[in-house]
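Undergrad: The structure is given below, and queries will be raised subsequently.
FYI, it's all coordinate maths here, none of it is from the lab. Remember, predicted model here, so these are calculated numbers, not experimental data. Ideal geometry is used to build each Cβ from the backbone, glycine not excepted, and the neighbour counts take in all protein chains shown.
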Amino acid sequence: MLADVVPYLQCPLCAGDLAVAGTTLRCSAGHAFDIARQGYANLLTGRANLGTADTLEMVAARADFLGGGHFAPLSELIAERAAALDQGEGCVLDAGAGTGHYLAAVLDRLPGRPGVALDISKHALRRAARAHSRIGALAWDVWRPLPVRTGAVSVLIDVFAPRSGAEFHRVLRPGGALIVVTPAAHHLGELVGRLGLISVDERKADRVAESVGERFALAGAWSLEVPLSLTRSEVLSLVGMGPSARHTEPAVLRARVADLAEPVRVTAAFEVRAFEAREAAAFDVRSKS
Ligand SMILES: C[S@@+](CC[C@H](N)C(=O)[O-])C[C@H]1O[C@@H](n2cnc3c(N)ncnc32)[C@H](O)[C@@H]1O
Ligand SMILES: [Zn+2]
C-alpha cells in the first residue's frame with residue numbers, strides 16, 4: 001500500500017516530507033498529488049512525456065504472458081540476487097516497474113520490506129498497485145529527478161526499462177545494489193526474422209555500463225537462457241508486450257504468427273547485472289556524467 005512507502009518519498013516540487021491526506025499525497029508546503037481510485041499516486045506535474053508509456057494493450061499482453069509463469073527463472077534469479085545483496089534496511093525500488101511482477105517476487109523474499117513501483121503508464125500502475133500488499137505505486141518519469149529520499153533504497157531493480165545513473169545512485173544507500181536486466185543479443189532470436197521483430201542492440205552490455213557510469217561498481221553478471229515452448233496465442237502476448245508492438249501493425253503480426261507451427265520453440269535470453277553503489281568519495285562525477 002501507498003502508506004507503506006510514503007516515509008521513503010519526497011515531494012517532487014520541494015523535496016519536503018509527504019503524507020497521505022484523504023485521496024491525496026500532500027507535503028508540508030501544501031503541494032498535493034492525487035491518489036487514483038486504483039491505488040497509485042500521480043506525482044507528475046506539468047507536461048509529461050508519455051511517448052514511451054506502455055499502452056493498455058501492451059500491459060494486458062505483459063500481464064497475460066508473465067502470469068503464465070514463462071519467465072519464472074528470471075523472477076527467481078532477480079529475487080535471489082536482491083535478497084543476497086539487500087542491506088536489511090530501506091525500501092526496494094523498481095524503475096519502470098510495469099505490472100509489478102518482478103518487484104512482487106523480490107518483496108516475497110524480503111518479508112516486511114516496502115517496495116516502490118515507478119512507471120509512466122497508468123495502465124501498468126493500476127496493476128502494479130495491486131501486485132503485492134507492500135507495493136506503493138507512483139506515476140513518475142524516470143528521466144526526471146526521482147521523488148525518493150536520498151539513501152532510502154537498499155535494492156533498485158530495472159528490468160527492460162530506462163536507467164538514470166545519477167539519480168539511481170542518489171536514492172541508493174552507499175553500498176546499495178542496482179540490478180539491471182536487459183535482453184541478450186539473441187533474445188527471441190528464432191522469431192526476429194520470421195515476425196519482423198526489432199533485434200536487440202549488440203552493444204547493449206556496453207550501454208548498460210555507460211548509463212550507470214562510474215558511480216557503480218560491477219558486483220556480478222549472469223546470463224540466463226529460458227527455452228520456451230509456446231502456443232501461437234502466447235507468442236502474440238510475448239510480442240505484444242515488447243517494443244515490436246509499437247512498430248508492427250497488429251493485423252500483420254497476427255497473420256505472421258498464424259503461419260507458425262505449434263508448439264513454437266523460442267529462446268528468451270537475458271543479461272542480469274548487479275552493481276554496487278560506490279561511496280561518493282570514490283569517484284569524480286565532474287569528469288563524466
Ligand atoms: C519493457 S516494459 C518493462 C516493465 C517491467 N519492468 C517488466 O519487465 O515486466 C518498460 C516499462 O517502462 C515504462 N516506462 C517507459 N518509459 C518510462 C519513463 N520515462 N519513466 C518511467 N517508466 C517508463 C513503460 O511504461 C513500461 O511499463
Ligand atoms: Zn512540496
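Undergrad: Could you check which residue among 174, 183, 111 shows the biggest mean-square fluctuation in a GNM of the chain with a 10 Å Cα cutoff?
TA: Residue with maximal mean-square fluctuation among 174, 183, 111: 111.
Undergrad: For a quick check: with amide H placed at 1.01 Å from N, whose amide H comes under 5 Å from residue 110's, ignoring anything fewer than 5 positions away on the same chain?
TA: Close amide H contacts, sequence-distant or interchain: none at all.
Undergrad: Amide H neighbours of residue 97 under 5 Å, counting only residues 5+ apart in sequence or on other chains, H built in-plane at 1.01 Å?
TA: For residue 97, the qualifying residues are 118, 119.
Undergrad: Now, a different point. By how many degrees, 0 to 90 and rounded to 10, does the Cα axis of helix 56-67 deviate from the longest principal axis of the chain?
TA: Helix 56-67 and the main axis of the chain meet at about 80 degrees.
Undergrad: In what sequence do 56, 236 fall when counting other Cβ within 10 Å, fewest first?
TA: Ascending number of Cβ neighbours within 10 Å: 56, 236.
Undergrad: Restrict the search to region 198-289; then list the GluC sites (Glu not before Pro) that DSSP places in a loop and that have at most 16 other Cβ atoms within 10 Å of their Cβ.
TA: Listed in order of number, the matching sites are 202, 279.
Undergrad: Viscosity 1.567 mPa s, temperature 4 °C: give me the Stokes-Einstein translational D for region 25-97 in µm²/s, with Rh taken as the Kirkwood radius over C-alpha pairs.
TA: 81 µm²/s
Undergrad: What distance in nm lies between label points placed 7 Å from Cα along the C-beta direction at residue 80 and residue 14?
TA: 4.8 nm
Undergrad: Now a separate question. How big is the chain along each principal axis, measuring the range of its Cα positions in Å and listing the largest first?
TA: Cα extents, longest axis first: 59, 43, 35 Å.
Undergrad: Summing Lys, Arg as +1 and Asp, Glu as -1, what charge do residues with Cβ under 11 Å from the Cβ of residue 126 carry, residue 126 excluded?
TA: It works out to a net charge of +3.
Undergrad: Provide the percentage of antiparallel DSSP beta bridges, counting only those with both residues in the chain; round to the nearest 5.
TA: 60 percent
Undergrad: If you don't mind, there's one more thing I want to ask. Would you kindly derive the ³J(HN,Hα) couplings of region 99-107 from the backbone phi angles with the Karplus curve 6.51 cos²θ - 1.76 cosθ + 1.60 (θ = phi - 60°), listing them in order in whole Hz, with x for Gly and Pro?
TA: So the J values, rounded to whole Hz, are 7, x, 4, 6, 4, 4, 5, 5, 5.
Undergrad: Give the residue from 250, 219, 74 lying farthest towards the positive end of the charge dipole for the chain; charges sit on Cβ (+1 for Lys and Arg, -1 for Asp and Glu) and the dipole is referred to the Cα centre.
TA: Value: 250.
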